[in-house]
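Here the structure is laid out as structure tokens; the discussion comes afterwards.
The values are calculated or read from the model by the stated rules, or taken from the named source; none is laboratory data. Note that the structure is a prediction, hence the values are computed from the model and not measured. Cβ: placed from backbone, ideal geometry, glycine included. Neighbour counts: every protein chain shown. What goes into the accessible areas is simple: the full protein's heavy atoms, side chains included, and nothing from ligands, DNA or RNA. Shrake-Rupley method; radii C 1.70, N 1.55, O 1.52, S 1.80 Å.
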Amino acid sequence: MYILGINGWHTLSHNPSACLVRNGKILAMAEEERFVRQKHAFGKIPINATGYCLSEANINLDNVSIIAIGWDYKKKYKLRGMEWDHTKNEVLDILFPKTIFSYNKRPKLVIVPHHFAHAASVFFTSGFKEATILVVDGKGEDSSTTIWYGNERKIKLLKSFSIPNSLGYFYESVNKYIGFDYLDSGKTMGLAPYGKSVFNFENIKLTKDGYNIELPRVSKYEKYQLHEPKLLVNLWNKELYKGGANLRINTLITRPLFKEAEGLCELASKYCTEINFFNTRLIGRARKYLFDKILSFDELARFNNYMDTITPKYPNLNILYRETVTTYNSIKEHNRLGLNWGRCPAGLTRFVLISNGDLYGCGYFPYLNSEGLKLGNIKEEGYTILNVWRYSSKLKSFRELNKKRTLECFKCPAYSAKCPGMCIADELNRKNLPGGINPYCSKKFKINF
């Protein structure tokens, strides 16, 4: 008896493939991407892979008894709030169009739940007569991790974990965070054994019968997340940043920095993995804080050339300057990661470091005459940069105020038209000037740290 396994649909699918089995023996298998030359072949039906498998066995669909699909698409569509109105015959006609495949009778169609397909594929090819089977991925139809018991020719489900408990989407978040793309989890898995266990993700808790993931706002979105797991990835990205998984140190490029840049790299290399030298605009609010410290374009070019000579000395520190600053420091990049902090990421995705070791939440804070803005100094004995990032009450207040101002400013008709909005440094600077209030702001925020 021939059984043809199919993965792939013209929506909501990736890595379409086909596998032909006869009496428990694999005869042929292939992925569609090999034929269409498109990595992962998103949203495609494995027509070419199917044709290859049939030709390898020198048969057509009339010889196939069962078509097995490794997803319950009807259930999957329903959980995403979408309609599925295909009959089994219509599904077969879509998978095997008669303009391409010649056959007189349709095979029997069997729907195999996604995690059950994973469990069967490993158990029945393992050589074991009895085994416990663990399936962990992004998600199946309504589960992310499942435990099964396999015995001879039978497989029984023992335990299932919901999609908000997805370890796969946690992995995908780490992928995005370190710069890999969607479905690059295998690269992260390959790199993992070469790293060290440094971070304790308190969101993942071991329990007597497995584990539980606690993410902020999951209960609010839990039902929705069953059909839009992108929300889970975005929530994890925020947790990675808040946890300091790859703390970035920022510093403004100013004239005094020419003499201090190498010292800053030396300092940063001891406490973090990345330092970002960003240049402020030569006009606008920077003039209020930095005055004669702002670099001209010629000076900036000389600074970049100077950094070219410093960077090779610190191979374990990712030093960002020139065009990489634009890429890695942009709001667009933060929103690509699902962070969506608003317009200003100060204190949310970065610290600011100056040469004496002082840390601030905003790049302009060191140049303002306001007390209580310093978060700490990384040269102090017993000082832990990670703990300050996670637990500093001052930094927490700054983040909350920043977020509050963002939400309020977006609602205000004066925003963009008259008022730049959402800059705490602007408000602190006004406090030190005669009549220092924002004439366009109806909220009159009070800045207290």
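Details
- Test: residue in the range 36-51 that is open to solvent by less than 80 Å² (accessible area, probe 1.4 Å), assigned to a strand (DSSP E or B) and of a type in the set (S, T, N, Q): no
- Test: residue in the range 158-169 that is free of Cβ contacts under 8 Å to residues at least 12 places away in the same chain and part of a loop (DSSP other than H, G, I, E, B): no
- You will find that of LYS196, LYS187, LYS159, LYS154, the residue that is surrounded by fewer than 16 Cβ atoms within 10 Å (Cβ to Cβ), of a type outside the set (Val, Ile, Thr) and within 17 Å of VAL233 (Cβ to Cβ) is LYS187 and no other.
- Condition met for LEU235 (in a loop (DSSP other than H, G, I, E, B), surrounded by 12 or more Cβ atoms within 10 Å (Cβ to Cβ) and modelled with pLDDT under 80): no
- Note on the range 12-27: among residues that are touching a strand residue (DSSP E or B) at 6+ places or on another chain (Cβ under 9 Å), in contact (Cβ under 8 Å) with a residue 24 or more places away in the chain and open to solvent by less than 60 Å² (accessible area, probe 1.4 Å), the one that is nearest to SER121 (Cα to Cα) is CYS19.
A quick yes/no check of all residues on (1) open to solvent by less than 80 Å² (accessible area, probe 1.4 Å); (2) at pLDDT 75 or above; (3) of a type outside the set (Lys, Arg); (4) over 21 Å from PHE351 (Cβ atoms):
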position: LEU264; (1), (2), (3), (4): yes, yes, yes, no
position: LYS270; (1), (2), (3), (4): no, yes, no, no
position: ILE283; (1), (2), (3), (4): no, no, yes, yes
position: TYR289; (1), (2), (3), (4): yes, no, yes, no
position: LYS293; (1), (2), (3), (4): yes, no, no, no
position: ALA301; (1), (2), (3), (4): yes, yes, yes, yes
position: ILE310; (1), (2), (3), (4): yes, yes, yes, no
position: ASN318; (1), (2), (3), (4): yes, yes, yes, no
position: TYR321; (1), (2), (3), (4): yes, yes, yes, no
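- Among (1) charged (D, E, K, R); (2) free of Cβ contacts under 8 Å to residues at least 60 places away in the same chain; (3) part of a helix (DSSP H, G or I) - the single one LYS76 does not satisfy: (2)
- Subset of the range 387-410 [surrounded by fewer than 14 Cβ atoms within 10 Å (Cβ to Cβ), modelled with pLDDT of 75 or more and not aromatic (Phe, Trp, Tyr)]: SER393, LYS396, GLU400
- Single residue of the range 93-128 satisfying the filter (open to solvent by less than 70 Å² (accessible area, probe 1.4 Å), in a loop (DSSP other than H, G, I, E, B) and of a type in the set (Ser, Thr, Tyr)) that is nearest to ILE47 (Cα to Cα): TYR103
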